[in-house]
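Each reported figure results from applying straightforward, stated rules to the coordinates on display, with no laboratory input. These numbers come from a predicted model, not from an experiment. Here the Cβ is made from the backbone with ideal geometry for all residues, glycine too, and neighbour counts use every protein chain on show.
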Amino acid sequence: TAMSSVSVPPPPCLLQPLETPQRYLFGPGPSNVPPRVQAAAARQVIGHMHPETLEIMEDIKKGIQYAFQTQNPMTIAMSGPGHTAMECAIFNTVEPGESVLIAVNGIWGERAAEIAERICAKVNTIVKPPGGYFTNEEIEQALVEHKPVLFFLTHGESSSGVVHPLDGIGELCHSHNCLFLVDAVASLGGSPVLMDKQGIDILYTGSQKVLSSPPGTAPISFSNRACRKMFNRKTKPASYFLDMGWLASYWGCDGKPSRIYHHTGSITGFFTLRESLAILAEMGLEKSWSRHKEVAEYLHEGVESMGLKLFVQDKNVRLPTVTTIAVPPGYDWREMTAYVMKHHNVEISGGLGPSAGMVLRVGLMGYNSTKANADKVLAALKDALKHCHKSKK
Ligand code: PMP
């Protein structure tokens, strides 16, 4: 045989066809993607600076402004998952040595604190156990004590199933010269958020939850107040990729007529995000909010009527997109989630971070938010309770 320069052979697995199962994605995300959005994903790629792409990016900007209820010109979609937006928000608005305040009532606050730590911010936290939330008095007290430049709050805590009240917090932050940053990855579109009215300075979400797009793009918006802070910094943001100076130009948010290449955007992700935002615009935000609430309450009733307990006691702060169910005594949550996957093709998940071992999580978001899907989950759970091992203690 002739000498070959190739010493690593083609992997046999790649010589087999791609296979992906059909599943009901009823965990905390991603959600199933509706056919219209799937069709958008199948379109041929075009250039990231082509006029048609730039027009789609403009459509996306308007769609995000609607979904976020904001007039902010500084509104874009990041190429990347929700974490990209988390880091973008914190990396651009905070400089090393500055004080930040992070509300921790689940894993997302924990992660935000670690992200801020990595850019050498002075990280202060207020902490509640999973299921808990903060009063405006507690938040104001911490603002006074720590004098942060930024306050981070998770709107939809997908690890605990809590939707945090937002009213009044923006005003408190502003009266203490602090920016208000809200993570709405798990809630946006499924539970009311009014960016401008609620005084939110930085708001982001992900594509793969209520928007029911594939994962990989993350809408984010900055208020004028946030822009003043981030565009007057003394140091450059630690990340080139996440630098809003560059991204503002790529997205045409800087008022200049010509756009400058920064990175190759997730073109296919933009096609799908545009269609998801169009579906939301056609349905209307209020209808989407009320549908998620109605389906969640229907699910809650079903859960309680089979003798299971909802993890979040206070009805008013139950997140309509992700429901947490206390792991039933004597059962192993791993066995239950594996059982419903195996026998019902249904994904639900266990807890995450501080809620690990405490809860089962059921997400019915966007395209998946229907009573028929709630019935599927309930039937699967009922079956799991019957067939999974139950210890006597
Ligand atoms: N924040 C919240 C509230 C989330 O639920 C998630 C996703 N589970 C994220 C942030 C991170 O999003 P991603 O996995 O897309 O990076």
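From helices alone, the chain scores -12000 deg cm²/dmol at 222 nm; the rule is -39500 (n - 2.57) for each run of n ≥ 4 DSSP H residues, then divide by the residue total.
Report the relative contact order of the chain, percent, no decimals, based on alpha-carbon pairs under 8 angstrom and at least 6 residues apart. List each step's numbers first, then the result.
Values: 778 pairs, mean separation 91.3, N = 393.
Here the relative contact order equals 23 percent.
With R₀ fixed at 41 Å, the C-beta to C-beta distance from H263 to N136 puts the FRET efficiency at about 0.55. Of all beta bridges that DSSP places with both ends in the chain, some 50 percent have antiparallel geometry.
Short version: what are the Cα gyration tensor semi-axes of the chain, square root of 5 times each eigenvalue, largest first, in whole Å?
Working: eigenvalues 222, 175, 87 Å².
In descending order, the three semi-axes are 33, 30, 21 Å.
Each Lys and Arg Cβ is given +1 and each Asp and Glu Cβ -1; about its Cα centre, the chain then shows a dipole of about 580 debye.
Pairs of lysine residues in the stretch 35-281 that meet both criteria, 8 or more places apart or on different chains and Cα atoms under 19 Å apart, total 10. Placing pseudo-labels 7 Å out from each Cα toward the beta carbon at H174 and E294 gives an inter-label distance of 3.5 nm. Distance between the 7 Å Cα→Cβ label points at S7 and Q313: 6.5 nm.
Sorted from fewest to most neighbouring beta carbons within 10 Å, what does the list C13, C227 look like?
Details: C13 6, C227 21.
Fewest-to-most ranking of C13, C227: C13, C227.
Residue-wise HN-Hα couplings along the stretch 233-241, as the Karplus relation 6.51 cos²θ - 1.76 cosθ + 1.60 with θ = phi - 60° gives them from phi, are 7, 8, 10, 6, x, 5, 10, 5, 4 Hz; Gly and Pro carry x. Taking 4.7 Å between beta carbons as the limit, the unpaired Cys residues of the chain are C13, C88, C120, C227, C253, C388.
Around A113, with a cut-off of 15 angstrom between Cβ atoms, what is the net charge of the other residues, counting Lys and Arg +1 and Asp and Glu -1?
Result for the local shell: -3.
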